[in-house]
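To start, the structure under review is shown below, and the notes come after it.
The values are calculated or read from the model by the stated rules, or taken from the named source; none is laboratory data. Since the structure is predicted, the reported quantities are computational estimates derived from the model, not experimental observations. Backbone-built Cβ (ideal geometry, glycine too); neighbour counts: all protein chains shown. The accessibility values were calculated without ligands, DNA or RNA, using every heavy atom of the protein model including side chains. Shrake-Rupley method; radii C 1.70, N 1.55, O 1.52, S 1.80 Å.
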Amino acid sequence: MSKERKLFLIVAAVLIVGSFLITTQMENRFYYKAAYVVLQYVVLATAWNILGGYTGYVNFGTAAFFAMGAYTAVALIKTWKPPLYVLLVMGGLVSGLLGLGIGYLTLRLKGVFFSIATLALAVVLQMIISNWSYVGGGAGTAILKPRSVPMFSNYDEFLFFVMAALAVVSVAVAWLIEKSWVGRGMAAIRDNEEAAECMGVPILKLKLFATTVSGALMGIAGAPFSYFVVYIEPTSAFHLDYAVNSLAMPMIGGTTTWLGPLVGAVLVGTAQQIATVTLSSEMNLLIVGSLLVGFVVFAPDGLVGLFGKIRARLAGREA
Amino acid sequence: MGRIIKHVILGFALLLAVSIAFTPAAQAAKEVKIGFSMALTGPLGPAGKAALLAMQIWRDDVNAKGGLLGRKVKLVYYDDQTKPANVPGIYAKLLDVDKVDFIVSGYGTNLIVPALPIAMERGMVFMGLFGLDANAKFKYNNYFQIMPAGPDPIVDWSRGFFELAAKQKPRPKTIALLSADAEFARNAVAGARRNAKKFGFKIVYDKRYPFPGTTDFTPILRAVKAANPDLFYVGSYPGGSVGIVKAAHEIKLEPKLFGGGMVGLQYTAIQMNLGKLLNGITDYWFWAPEKTLKFPGIEAFLAKYQKEAPKQKLDPLGYYLPPFAYAYVQLLGNAIEATKSFDQAKIGAYIRNNTHSTVVGDVKFGKNGEWATSRTFQVQLQNIESNKMSEFSKEGKMVVVYPEEFKSGNFIYPYAKGK
Amino acid sequence: MAENLLDVHGVTKRFGGFSALTRVDLHVKENERFGLIGPNGSGKTTMINCISGALANDEGNIVFAGRDITRIPAYQRTRLGIARSFQIPKPFVSMTVLENLCIPLEYAAHQHSHGVELRGEAMEILELMSMTDKADVRTGGLTQIELRKLELARAMAAKPKLLISDEAMAGLSNTEVDDILEILVRLNEEGLTVIMIEHIMRAVMNFSERIVVLDAGEKIAEGTPDEIVNNKDVERAYLGA
Amino acid sequence: MLSIEFLLNALIAGLLLGGFYAAMSAGLSLSFGLLDVVNIAHPAFIIFGSYLTFYVNEHFGFDPILAGLVFAVPSYFLGVAVYRIYYNCFEKTGAESLRGLVFFFGLFFLIEVILIITFGVDYRLVRAFYIGKSTSIGSVGIAYRLFVPFLVGGILAAVLYLFLTKTFFGRAIMGVAQDSLAVQLMGVDPIRIKTVAFGIGIATAVIAGSLLIIIGPVEPTIGREYIGRVFAVTVLGGLGSMTGTLVGGLILGVAESFTSSFFGPSWALAVSFGILLICLAVRPSGLFGR
Amino acid sequence: MRSSTTRTWKGPTLAHSIVVDNVSAGYGAVRVLHGVSIEVNDGETVVLLGTNGNGKSTLIKCIMGIIQPDEGEIYLEADGERINLAGRNPEEIVNLGVALVPEGRRLFPRLTVEENLLLGAYREEARRGIDRNLAFSFEAFPVLAERKNQLAGSMSGGEQQMLAVARALMSAPKVLLVDEPSVGLAPILVSRVISKIRELKEEYQLTVLMAEQNFNQAVKIADRGYIIVHGEIAFAGEDTEALAGHELVKKYYLGA
């Protein structure tokens, strides 16, 4: 167990260092921008999956948590322009608390009501942000990103590195949860709440843990958003696409393991980036929608499950 | 253990595949490439598509004459889906992968601002298409914006409306302000608020409505009616504009002057739907088939546009955005020709320092790349008798009542008289 | 005489206007084999739900191992040593049999203490149930009998002081019933207290040292199996007046 | 500003809007409230209906209401097909909770995209003789544009109410949600009942779509604005109660109208969603939850 | 125990009877019934006795098509026709004129009393006589008439059981199956329900099969009965007196 953990952490560290080294070598900014978006979806999909995949509660409000992270950052930037890591921490904190709150309010309900409540939450928060003129309100506001940053040749590369590190960290968090007693307890809740409670699993605590961690990761992913787009306004920060994608990606990749959302986010996210600059975006949406419905109907365990099945079949043939 | 390593390798293989996918095809020889993002889907999609058509017409016009400095023009564009988050990636791709020679903006403030820092970093001339004060924070000197708002765009935008109001006898005293809760409308109303103060009108109602998400405007307009304003300035988007006009007629809301910043009333489909309901409304306008606005080349352009538009299900008349979409690339092209150079700094300086003749008239830029003087028309809709399209391509329906210089008919006051 | 492990004092549970349990007392001694019987709808399952914490009783209190547990949540009761099996099996479907056992082992028996070899312990329990060959099978691949055994195994994996077996034998063949009885007897010999709810009279009568009979939410009899068989009230409850 | 007349007008406007909200939510009340099928895509079907209405109004001059009624028939079969897929893929295997929800979410998205591809992203409107006219009773003004949807919505809710309580089939729909085995014991095939009920739900969504486009212009993604509203109405009124849906719709309409009138329209949406959140937290069975 | 060969074929009459022939059934891999054969002849009231978990309800569910038997056959002999029930689903069987008062009543708690009754008359044949049957239900159970607009879920247990019986009769059945009518009822109500069933049986000329653990109540109305233990017919009493051999019954019941 611990040997596996060590190896995983080493790989994670190597990936972070690797993504830093990439920035010293490669110039083309487009790749950084595209990679940033894909990595941002890795974080969101992984975060969604901690609650949705591991624990079995479908969150339609990803955009709310994401945007709360982004707007926490905007408010801070407007106030005293703290360094990025402060934005990340605060964005995570606010969205984590939001997750805790909404969890406390609704998790005693049937799963479906939780989902509807998250949907409603996104709308209410968007309204509130739209009416808060300090962060630009409905009109939005332009955010000047710092002109330079030590060790990086420009801010885009720095943002890419930050998001790469966040992606690695969030996948690592998901992995640690999955492999720990917490993750096993979450799986028990997903399978049967009543039985889980009778086996000694503190279901309310674990569910609140899941909403908090999931929300916090989404908030952290949102914190650098305003620096990335330079201009932030509620409709784009609260866009339903975040909810659809962060749910579709794990569904396509597979929801029960850390690998599923990663694979889903990388594949679908990359495909979207390519489609944005090649196909028309209607086709882009059509593809995501069809993939989502197709996978849910035909391959409910996602790509990871599909590969597992194929491998099992091949192994069976060899034997 | 081995599994993790395998996954990592898999991941890198994937990354590699991705970068191959993004590698551009072989460079076509000797074209001048102009790159931009455009809203082809999403809320701004319809207008964005029309703008694209206008730009394509310009490209064909230029190429028919032999191109720019002997090189053919090629447009490279991607759909930003009206999502600001897509814009930075698109411009990075245009510059680093497609290696375009020039960039111009997409349509609308939200989609211009995310691209501006990129243009700044690369020191490129950046033509803007309908951005409202987009450069206020950046103050980039090579940014030029084609919408005729004026040097202080947010305030100048509605100045005409207020100047008209101030001239009436007896002088109106009170005003109600209503805006959609989104970028343009809020800015427009913010400007109106300042103008109201400047002209000494008392604000008796000042509220925002959610956009999108408002189904019915009746309760809102009743609240306005209860406040009984002389003037009613509205900042709204197409969906809301229609709802507001209809609800205003239903509850017989009759301020003395009504309109201002309502987007959508300039669109042919909406005009055809509202028909007679439009009469008497005074709204901002950019171009109308009035005798005072026959700028050189505009009629030829519109003829080409109107031939193609129905095929693409675009606004069939195209008076609103297309002439300006044509003009902002026309202006860039003319600058290239005039300087006989592809040097960004030279072209920027030329645009900054000269007056340019375009299909939307003479353009001179001032502070922050906005027009040196405001030329936002106030148009009053008059004598509309039916819902037919031909109704709106005739002279005398969209009467320019401000500024004096372009005035094409008489202003009818109060609103109820024009109804 | 051993001390009472479980004391249920005057527990009442109402659903709307309907009283499922009316002031019921139960006293289960340490290491006792205790039978709880009653006709259908007499309130047996409600009683278990109140003891295990799935339902909150309206009146009365429940004391387990000297501690009042009336208001503490179900998972903590399990950790204190009350485990139950479900009448209708509720396995964790995404897990293998072994992983199913690891949940209670980890959460209730060891409460996440480090360095415990869960698999080994789980295998021991499976051995007891003669299910070792199914350790790595997902629960979807189990037969009904195996699912019932899993229910029991999972309850035992919580390492309880008190095991409540809710109709664990319904539908099993005679030999299978004997198998399970044997397991329960052995566990009891090792110190486990067992409450058995069962319709298979042969099993309850043979197993139990003491039996309580519920009817329409009230306790109508208590005694040794012999006393119960010859109790007129019990006969009336089962055979009707 | 707080005159009786003003109050009355705000109330009437809210009630008119509320009747329409009830019509929008009636189908969801069937599928979600009675059949436990969480049809998140319901608003997308409404917008789908708006576009069908737009198409025949634009090209053949069909009256929008008539168009809605005519299209209700084929869309019933569309609903039947959707439910068949849902049943076979999710309900039968017992995987409906998570994946079924995601299925409908994906469907929502697909319908949007298909509408964009077919009709473009423009705002679309319809014409009808009653649009733009109004009447007044005393000091209370009533716009036909709102009154017609209110009327049709009310009739729709009433017809559904009568159908559910007065016909054998309707009672079977009510029954199937409560105990599908017991319904079988009455000689009813529960799957058939559910299929028909879901189909009717989609048919009403399409009718509601024709009402929506009478009230105001519609674009393909506008359905998103109504997800929260229709669920708010359904949950607020109490799952599965047609009377509750009607009352829930009226409450929401009046709440929005009052907020718009007295506090400013920008809070209207938040207030109605706030009601939903509070309702979920405090009394999930809704006002009329039986 | 009877073997299936002793069964006599009835000529073409309007008779309705049920024949269960050597049926084995269960849930998943759990066998609950092991080769059970019973028959219920036209106009008879037959009780199926035994404590819970012995297979009474499973047998009733088999007849009703809720569970399909693994082995053996179930016939409905109706109007001279012999219809195999195995493989049919409950709604088909209801349409053949068999109705069940299920264990636990399974009313529609959020429908009114009257709506519950009307839903009982869903099948085509029952709709024709609906007014008469509804009137009869209200006459037979005056309490239902009093509470016809009350929600079924808000009534007391005894009233609910009455409603369940009345609802089953609304489908105008020829054969009535009753599963554990006494569950959760006070003794006084049990006897009231049981005697009502007898009364109705006479009135409708029904054939009744009742599963019941309350022995003393059940034998009051039974013509004869079976005792089922561990999924097998342990005793077939040709009349109530044979069943009343208390000691034997007690043995089977309490396992003593």
Under unit Cβ charges (Lys, Arg +1; Asp, Glu -1), what dipole magnitude, rounded to 20 debye, does the protein assembly as shown have relative to its Cα centre? 6480
Run the numbers on the stretch B:103-139: which residues show a drop of 10 Å² or more in accessible area, chain on its own versus all protein chains together, using a 1.4 Å probe over heavy atoms? B:ASN110, B:VAL113, B:PRO114, B:PRO117, B:ILE118, B:MET120, B:GLU121, B:ARG122, B:LYS137, B:PHE138
What does the accessible area per residue of the stretch A:3-240 come to in Å², with a 1.4 Å probe and no ligands, DNA or RNA counted? 31
Do any residues of the stretch A:28-43 lose at least 40 Å² of accessible area when the full set of protein chains is present rather than just their chain alone, and if so which, with a 1.4 Å probe? A:ASN28, A:ARG29, A:PHE30, A:TYR31, A:LYS33
Environment charge at E:ALA140 (Cβ cut-off 11 Å; Lys +1, Arg +1, Asp -1, Glu -1): -2
Name the residue from D:VAL218, D:LEU164, D:LEU101 whose Cα lies farthest towards the positive end of the charge dipole of the stretch D:27-223, charges +1 on Cβ of Lys and Arg and -1 on Cβ of Asp and Glu. D:LEU164
Rounded to the nearest Å, the spacing of the alpha-carbon centers of the stretch D:35-99 and the stretch D:178-221 is 8
Do you know the relative contact order of the stretch D:27-223, to the nearest whole percent, from alpha carbon pairs under 8 angstrom that are 6+ apart? 46
Quickly estimate the mean residue ellipticity at 222 nm for chain B, helices only: each DSSP H run with n ≥ 4 gives -39500 (n - 2.57), and the total goes over all residues, rounded to 500. -11500 deg cm²/dmol
Cα centre as origin, Lys/Arg/Asp/Glu Cβ charges: chain B dipole, Debye: 520
So between D:ASN88 and D:LYS133, what do we pick up on full extension, going 0.36 nm a residue minus the alpha carbon distance? 11.4 nm
Quote the charge dipole size of chain C about the Cα centre in Debye, to the nearest 20; the model charges only the Cβ of Lys and Arg (+1) and of Asp and Glu (-1). 760
Counting only C-alpha contacts under 8 Å and six or more residues apart, can you give the relative contact order of the stretch C:4-239 as a whole percent? 27
Per residue value of the accessible surface for the stretch D:71-221 (all protein chains in place, 1.4 Å probe), Å²: 33
Rounded, prolate or oblate for the protein assembly as shown? Axes are the square roots of the Cα gyration tensor eigenvalues, ordered a ≥ b ≥ c, and the cut-off for rounded is a/c under 1.5. prolate
For chain A, what is the mean residue ellipticity at 222 nm derived from helices alone (per DSSP H run of n ≥ 4: -39500 (n - 2.57); sum divided by total residues; nearest 500 deg cm²/dmol)? -25500 deg cm²/dmol
Measuring from centroid to centroid over Cα atoms, what is the spacing of the stretch A:1-36 and the stretch E:47-113 in Å? 65
Carbon/sulfur accessible area of the protein assembly as shown, % of total, 1.4 Å probe, equals 58
Nearest 100 Å² is fine: what is the total accessible surface buried where chains A and D meet, probe 1.4 Å? 3500
Give me the summed buried accessible area for the A-B pair, 1.4 Å probe, to the nearest 100 Å². 4000
Taking a probe of 1.4 Å and counting only protein heavy atoms, give the total accessible area buried between chains D and B in Å², rounded to the nearest 100. 3000
If you take every residue apart from D:TYR55 with its C-beta less than 14 Å away from the C-beta of D:TYR55, what net charge results, scoring Lys and Arg +1 and Asp and Glu -1? 0
Quick one: compute the contact order of the stretch A:3-240, relative version, from alpha carbon pairs under 8 angstrom and 6+ residues apart, as a percent. 41
Based on the mean of other Cβ atoms within 10 Å per residue, sort peptides B:174-181, B:314-321, E:76-83, E:89-96 so the most packed one is first. B:174-181, B:314-321, E:89-96, E:76-83
Rounded, prolate or oblate for the stretch A:3-240? Axes are the square roots of the Cα gyration tensor eigenvalues, ordered a ≥ b ≥ c, and the cut-off for rounded is a/c under 1.5. oblate
Compare B:LYS49, E:LYS174, B:LYS99 by solvent-accessible area with a 1.4 Å probe and give them largest first, with all protein chains kept in place. B:LYS99, E:LYS174, B:LYS49
Given the -39500 (n - 2.57) contribution per DSSP H run of 4+ residues, what per-residue ellipticity at 222 nm results for chain D, rounded to the nearest 500 deg cm²/dmol? -23000 deg cm²/dmol
Would you mind classifying the stretch D:27-223 by shape? Square roots of the alpha carbon gyration tensor eigenvalues, ordered a ≥ b ≥ c; an a/c under 1.5 is rounded, otherwise it is prolate if a/b is larger than b/c and oblate if not. oblate
Lys and Arg at +1, Asp and Glu at -1: add these up for the other residues within a Cβ distance under 12 Å of A:GLU27 and post the number. -2
Would you mind working out the accessible area per residue for chain C, using a 1.4 Å probe, and quoting it in Å²? 38
